[in-house]
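Novice: This structure is in structure tokens; I'll ask about it shortly.
The values are calculated or read from the model by the stated rules, or taken from the named source; none is laboratory data. This one's a predicted model, so the numbers in the text were calculated from it and none came from an experiment. Note that each Cβ is placed from the backbone with ideal geometry, even for glycine, and that neighbours are counted across all protein chains shown.
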Protein chains: 2
Amino acid sequence: MQNFVFRNPTEIVFGRGTIAEAGKRVPAQAPVLLLYGGGSIKRNGVYEQVKATLKNHRVVEFGGIEVNPLYETCLKAVDVVKTSQAGFILAAGGGSVLDAAKFIAAAARFAGPDSWEILRSHGVVIQSALPLGAVLTLPATGSESNGNAVISREATREKLALSSKHVFPVFSVLDPETTFSLPRKQVRNGIVDAFVHVMEQYMTYPAAAPLQDRFAESILQTLAEWGPTTLAEPNHYEARATFMWSATMALNTLIGCGVPQDWSTHMIGHELTAFYGLDHAETLAIVLPGLWKHQREPKKAKLEQYGQRVWNVSTADDAIARTEDFFHSLGMPTRFEAYHINPAEAAEKVRTRFAERKTVLGEHRDIGPDAVASILAAR
Amino acid sequence: MQNFVFRNPTEIVFGRGTIAEAGKRVPAQAPVLLLYGGGSIKRNGVYEQVKATLKNHRVVEFGGIEVNPLYETCLKAVDVVKTSQAGFILAAGGGSVLDAAKFIAAAARFAGPDSWEILRSHGVVIQSALPLGAVLTLPATGSESNGNAVISREATREKLALSSKHVFPVFSVLDPETTFSLPRKQVRNGIVDAFVHVMEQYMTYPAAAPLQDRFAESILQTLAEWGPTTLAEPNHYEARATFMWSATMALNTLIGCGVPQDWSTHMIGHELTAFYGLDHAETLAIVLPGLWKHQREPKKAKLEQYGQRVWNVSTADDAIARTEDFFHSLGMPTRFEAYHINPAEAAEKVRTRFAERKTVLGEHRDIGPDAVASILAAR
């Protein structure tokens with residue numbers, strides 16, 4: 001087990017009818033910036049519940065955060081924070097809205113001349129941030145209980161991640177009933193996203209961390225067992241609650257304590273979203289099995305352990321095959337073909353970008369641009 | 001899954017050589033009360049490491065906290081806090097020292113006329129507490145990452161628990177190497193204590209919380225797999241690290257989120273410690289199998305699930321038997337006989353006390369004084 005430091009101060013308020021709990025956790029002295037996305041919260045009743053819990057607060061609204069939140073849009077929200085002198089951001093939505101809230105919270109307090117530096121430094125330059133809270137409506141990213149965010153820049157087709165202890169939500173309200181009206185595709189994406197988050201912290205090499213392994217396998221088993229019901233029965237409270245809690249636990253940084261991590265799949269996937277506009281989870285489902293086939297030998301011991309404990313199969317190849325089967329069972333493609341994208345072309349685009357940036361990925365830091373191209377060309 | 005609120009703000013600093021990290025987390029403005037127990041930290045090198053990390057702080061020491069920390073002793077430490085105007089408590093030791101630190105931290109800021117009210121109210125009256133940190137040397141109680149403490153009153157042979165969000169440690173340093181010199185009996189006790197902490201939050205009835213179940217089973221499996229090596233090889237870093245992290249996860253309140261809890265075994269066990277001076281874990285190992293036999297029917301579904309997933313047996317009776325076998329394999333007795341205590345007499349003493357207090361236990365709140373007596377008489 002590696003040495004580690006773990007702290008996650010976010011208060012989770014979980015269950016039916018809990019949006020009403022949000023208002024009492026938001027300071028009343030200054031206006032609140034209520035941040036949301038394309039307006040689905042106005043159709044599913046969440047907006048009314050949030051407004052009701054903030055009835056004693058001054059509220060400034062900012063809607064229209066994109067699915068892959070744009071730097072350019074966030075800067076407009078920063079202006080609204082400054083002109084309204086908002087003292088708190090309440091993000092109502094999925095990971096995109098939460099990620100945007102984190103960047104806005106940091107940028108509103110950033111002293112430097114160019115907020116892009118926050119992302120270029122991956123959050124290292126963040127010294128403080130406006131406090132923020134969340135009402136989560138889409139389980140997937142774990143953003144409700146971590147200090148991470150991913151922001152895209154339209155002008156340059158870049159997608160960069162930040163991480164900072166200053167942008168953990170003070171609280172996050174998780175009411176599984178808010179997910180009942182989600183489109184099937186978003187639920188599918190969320191299950192795959194959570195599943196791959198676990199894998200990035202688990203599928204490396206044995207590191208004498210048996211409890212962390214079992215926690216990771218617990219989330220994988222739970223998503224595997226409950227994923228189909230979660231998709232098939234939108235109003236199944238227990239399935240949705242289990243999905244929601246699993247997605248939070250997948251990336252609240254607990255299971256990654258003391259173990260090596262990979263994150264290649266995410267880094268490659270971000271480029272595919274930037275170039276082709278694929279959903280984040282769609283990119284993960286393409287890349288993960290390809291990465292594993294390429295890294296079958298260095299990852300063999302963990303692939304076998306995973307196969308045995310989660311799917312009751314004994315070989316690494318079977319573990320990979322069962323994972324692809326699982327994604328397919330959720331209606332999630334695992335090949336470029338489904339999107340009419342030429343694998344060789346995608347491989348070349350990502351190779352070029354990674355070569356420019358001198359990107360090297362993987363838990364052994366040995367997956368360079370050529371290896372990435374080889375992984376993608378085979379999908 | 002039940003609604004829940006979860007927040008655990010304690011920063012965990014885990015690994016080799018991490019005691020040196022403590023000092024930079026302790027405010028330097030006011031003196032620090034360094035709290036410890038019977039002096040084992042002076043024999044195993046921990047005291048020197050703690051003093052070194054506090055070399056730029058003014059330090060006031062208070063040693064001699066008992067294994068079952070006494071209210072009377074804690075009050076003396078409160079006086080030291082007040083006369084020294086200490087602004088922080090650093091507890092170096094096991095759960096006893098940490099528990100004492102929590103009570104002292106609350107009592108130092110308590111406005112009422114009688115600090116016993118803190119315990120009589122089980123912590124409800126706590127409005128604030130002195131900040132505290134910990135250097136943990138004995139994995140067992142989880143006190144390093146929760147807001148719970150148990151304090152005994154010598155004069156009345158009472159043992160009462162408090163719980164408050166105000167007494168979570170700000171940070172806890174967990175260096176597995178500090179456990180290398182622990183007496184075998186304390187390690188045995190710690191493994192059983194952690195195991196039973198999980199059971200109090202798990203062995204109830206199915207509550208549609210599959211991820212919580214699997215997390216609990218993960219800790220049980222890990223303790224079962226690694227317990228024997230942990231005991232047999234004191235300098236096995238990975239075993240001790242796994243034991244230490246398992247004990248923290250067993251009672252940092254995470255696995256209890258959204259599920260019914262029992263805690264009968266602890267409540268009954270506390271009385272046995274109060275009457276007979278048995279170690280806390282010794283009482284748990286006597287009570288748990290007896291409670292399960294008495295509650296075999298209401299707990300049947302979970303006993304079977306536990307048996308299948310942790311021990312690969314199919315019946316509730318086999319699950320109970322395997323648990324007793326596991327305790328015995330650690331050298332832990334599960335009957336009063338080992339301590340020359342008459343079961344009927346113990347049963348009668350606890351029955352009388354619970355009847356006086358109108359105590360009713362269990363996840364269904366249906367285990368009254370007569371049921372407790374029946375459980376104990378059969379041990």
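Novice: Across region A:4-35, what is the total count of residues that are in contact with a Lys or Arg (Cβ under 6 Å, 6 or more places away or on another chain) and either within 12 Å of another protein chain (Cβ to nearest Cβ) or not in a loop (DSSP other than H, G, I, E, B) (or both)?
Specialist: Applying the first criterion (in contact with a Lys or Arg (Cβ under 6 Å, 6 or more places away or on another chain)) to region A:4-35 yields A:11, A:31.
Now narrow it down to the ones that are either within 12 Å of another protein chain (Cβ to nearest Cβ) or not in a loop (DSSP other than H, G, I, E, B) (or both): A:11.
Counting residues in region A:4-35 that are in contact with a Lys or Arg (Cβ under 6 Å, 6 or more places away or on another chain) and either within 12 Å of another protein chain (Cβ to nearest Cβ) or not in a loop (DSSP other than H, G, I, E, B) (or both) gives 1.
Novice: Of the numbered conditions (1) touching a Leu at 6+ places or on another chain (Cβ under 7 Å); (2) in a loop (DSSP other than H, G, I, E, B); (3) closer than 30 Å to B:Leu254 by Cα, A:Leu278 fails exactly one; give the number of that condition.
Specialist: Of the numbered conditions (1) touching a Leu at 6+ places or on another chain (Cβ under 7 Å); (2) in a loop (DSSP other than H, G, I, E, B); (3) closer than 30 Å to B:Leu254 by Cα, the odd one out for A:Leu278 is (3).
Novice: Taking the condition in contact (Cβ under 8 Å) with a residue 40 or more places away in the chain, within 14 Å of chain A (Cβ to nearest Cβ) and in contact with a His (Cβ under 7 Å, 6 or more places away or on another chain), does B:Ala250 pass? Step through it out loud before you land on a result.
Specialist: Details: in contact (Cβ under 8 Å) with a residue 40 or more places away in the chain: yes; within 14 Å of chain A (Cβ to nearest Cβ): yes; in contact with a His (Cβ under 7 Å, 6 or more places away or on another chain): yes.
Considered against the rule, which asks whether it is in contact (Cβ under 8 Å) with a residue 40 or more places away in the chain, within 14 Å of chain A (Cβ to nearest Cβ) and in contact with a His (Cβ under 7 Å, 6 or more places away or on another chain), B:Ala250 comes out as yes.
Novice: Does any residue of region A:257-264 turn out to be in a helix (DSSP H, G or I) and modelled with pLDDT of 95 or more? Don't jump to the end; show me each part of the working.
Specialist: Residues of region A:257-264 in a helix (DSSP H, G or I): A:264.
Applying the additional criterion that residues be modelled with pLDDT of 95 or more yields A:264.
Yes - at least one qualifying residue is present in region A:257-264.
Here's the yes/no breakdown for (1) of a type outside the set (Val, Ile, Thr); (2) surrounded by 15 or more Cβ atoms within 10 Å (Cβ to Cβ); (3) on the phi > 0 side of the Ramachandran plot:
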| residue | (1), (2), (3) |
| --- | --- |
| A:Leu291 | yes, yes, no |
| A:Gln295 | yes, yes, no |
| A:Lys302 | yes, yes, no |
| A:Gln305 | yes, yes, no |
| A:Ser314 | yes, no, no |
| A:Phe327 | yes, yes, no |
| A:Leu330 | yes, yes, no |
| A:Thr352 | no, no, no |
| A:Arg357 | yes, no, no |
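Novice: Looking at the structure I just gave you, is A:Glu271 touching a residue at least 60 places away in the same chain (Cβ under 8 Å), surrounded by 20 or more Cβ atoms within 10 Å (Cβ to Cβ) and more than 29 Å from A:Ser218 (Cβ to Cβ)?
Specialist: Working: touching a residue at least 60 places away in the same chain (Cβ under 8 Å): yes; surrounded by 20 or more Cβ atoms within 10 Å (Cβ to Cβ): yes; more than 29 Å from A:Ser218 (Cβ to Cβ): yes.
Here the answer is yes, as A:Glu271 does meet what is asked.
Novice: Turning to a different aspect of this structure: Among the residues in region B:84-98, are any under 12 Å from B:Ser164 (Cβ atoms) and assigned by TED's automatic domain parsing to the domain that holds B:Lys51? Before you say what the answer is, go through the steps one by one.
Specialist: First, pick out the residues of region B:84-98 that are under 12 Å from B:Ser164 (Cβ atoms): none.
No - not one qualifying residue is present in region B:84-98.
Novice: While we're looking at this one, here's another question. Is there any pair linking a residue in region A:190-215 that is in contact (Cβ under 8 Å) with a residue 60 or more places away in the chain and away from chain B (no Cβ under 11 Å) to one that is assigned to a helix (DSSP H, G or I) and among the acidic types (Asp, Glu), with Cβ under 9 Å and at least six apart or on different chains, and which?
Specialist: A:Val192/A:Glu282; A:Tyr202/A:Asp213; A:Tyr202/A:Glu217
Novice: Show the residue pairs that are 6+ apart or on different chains and have beta-carbon atoms under 9 Å apart, the first residue being within region B:309-327 and in the same structural domain as B:Glu282 (by TED's automatic domain parsing), the second being charged (D, E, K, R) and outside any helix (DSSP H, G or I).
Specialist: From region B:309-327, the pairs are B:Ala316/B:Arg296; B:Ala316/B:Glu297; B:Ala316/B:Lys299; B:Asp317/B:Arg296; B:Ile320/B:Arg296.
Novice: Still on this model: So which of A:Ser218, A:Ser181, A:Ser172 ends up being buried (at least 21 other Cβ atoms within 10 Å of the Cβ) and not in a strand (DSSP E or B)? Lay out the reasoning, then the answer.
Specialist: On the way: A:Ser181 fails: buried (at least 21 other Cβ atoms within 10 Å of the Cβ); A:Ser172 fails: not in a strand (DSSP E or B).
After ruling out the rest, the residue left standing is A:Ser218.
Novice: I need every pair where a residue in region B:123-134 that is in the same structural domain as B:Val173 (by TED's automatic domain parsing) and modelled with pLDDT under 95 has its Cβ under 6 Å from the Cβ of a residue that is among the polar types (S, T, N, Q) and buried (at least 24 other Cβ atoms within 10 Å of the Cβ), sequence separation at least 6 or different chains.
Specialist: If the second residue must be among the polar types (S, T, N, Q) and buried (at least 24 other Cβ atoms within 10 Å of the Cβ), no pairs are left.
Novice: Give all pairs with beta carbons closer than 7 Å in which a residue from region B:164-186 that is closer than 24 Å to A:Phe4 by Cα meets a residue that is charged (D, E, K, R) and crowded, with 24+ Cβ neighbours inside 10 Å; count only pairs at least 6 apart in sequence or on separate chains.
Specialist: As it stands, the answer is B:Val167/B:Lys102; B:Pro169/B:Glu144; B:Ser172/B:Glu144; B:Leu174/B:Glu144; B:Pro176/B:Arg240; B:Thr179/B:Arg240; B:Phe180/B:Arg240, since those pairs meet every condition given.
Novice: Determine the pairs where a residue that is under 17 Å from B:Tyr47 (Cα atoms) and in the same structural domain as B:Val50 (by TED's automatic domain parsing), located within region B:18-29, has a partner that is buried (at least 22 other Cβ atoms within 10 Å of the Cβ) and among the acidic types (Asp, Glu) with Cβ atoms under 6 Å apart, the partner being 6 or more residues away or on another chain.
Specialist: The qualifying pairs are B:Thr18/B:Asp175; B:Ile19/B:Asp175.
Novice: If you don't mind, there's one more thing I want to ask. Go over the candidates A:Gly227, A:Gly258, A:Gly277 one by one and state the one that is at positive phi and within 14 Å of chain B (Cβ to nearest Cβ). Don't jump to the end; show me each part of the working.
Specialist: Details: A:Gly227 fails: at positive phi; A:Gly277 fails: within 14 Å of chain B (Cβ to nearest Cβ).
That would be A:Gly258, the only listed residue that is at positive phi and within 14 Å of chain B (Cβ to nearest Cβ).
Novice: A follow-up question, please. Report yes if some residue within region B:63-81 is among the aromatic types (Phe, Trp, Tyr), buried (at least 20 other Cβ atoms within 10 Å of the Cβ) and within 23 Å of the chain's Cα centre (by Cα); otherwise report no.
Specialist: Going through region B:63-81, the residues among the aromatic types (Phe, Trp, Tyr) turn out to be B:71.
Then drop every residue that is not buried (at least 20 other Cβ atoms within 10 Å of the Cβ), which leaves B:71.
From the residues that got through so far, the ones that are within 23 Å of the chain's Cα centre (by Cα) too are B:71.
Yes, region B:63-81 contains a residue that is among the aromatic types (Phe, Trp, Tyr), buried (at least 20 other Cβ atoms within 10 Å of the Cβ) and within 23 Å of the chain's Cα centre (by Cα).
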